[in-house]
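The values are calculated or read from the model by the stated rules, or taken from the named source; none is laboratory data. Just so it is clear, the structure is predicted and the values come from calculations on it, not from any experiment. Positions of Cβ are generated from backbone atoms using ideal geometry, with glycine treated the same way; all protein chains shown enter the neighbour counts.
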Amino acid sequence: MRAKVLLYRLGEETEKGRTLRAVLAEQKLLTLSVRAEQTGEKVAKLVSANAALSGTQPPEQAPEAEFMLLCSLGDRQLDRLLAAMRRAGVSVPYKAVLTEHNKNWIFADLVTEVAREHEALRSKRETDTAQ
């Protein structure tokens with residue numbers, strides 16, 4: 001599979017979305033957008049057929065978090081991408097790498113779980129720092 005990045009709630013209508021997309025283009029990564037109505041689809045389906053999907057989950061149930069799903073990036077490619085994002089001043093706190101385990105998840109569930117885990121770690125770090 002060709003290296004690609006799925007973006008959710010990071011459209012070109014925002015400065016952050018435009019900057020991120022420019023970084024991804026500079027890195028020669030295929031970028032696919034996931035629309036709110038597609039968040040009820042399995043991750044594997046979104047990765048393989050993004051544009052042709054009809055969507056199964058109403059937008060009002062879609063996650064609110066901005067999210068990046070990194071697919072088939074090698075370690076060096078991932079390191080270069082993250083460094084380029086830092087240089088460009090663009091941060092996406094909720095991101096994941098496509099795995100054999102999460103490819104069968106419903107996209108909305110993956111976004112929600114990654115956001116939950118991120119917030120739990122952030123809270124733990126704050127608690128540890130305060131002690």
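Of everything in region 25-50, what is among the basic types (Lys, Arg) and assigned to a loop (DSSP other than H, G, I, E, B)? Give them in sequence order.
Residues satisfying the conditions are 28, 35.
Listed here are the residues, each with its yes/no results for (1) at pLDDT below 95; (2) in contact with a strand residue (DSSP E or B) (Cβ under 8 Å, 6 or more places away or on another chain); (3) surrounded by 12 or more Cβ atoms within 10 Å (Cβ to Cβ); (4) more than 18 Å from residue 28 (Cβ to Cβ).
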site: 66; (1), (2), (3), (4): no, yes, yes, yes
site: 85; (1), (2), (3), (4): no, no, yes, no
site: 105; (1), (2), (3), (4): no, yes, yes, yes
site: 125; (1), (2), (3), (4): yes, no, no, yes
**Prompt:** In region 70-100, how many residues are part of a loop (DSSP other than H, G, I, E, B) and without any contact (Cβ under 8 Å) to a residue 24 or more places away in the chain?
**Reply:** 3
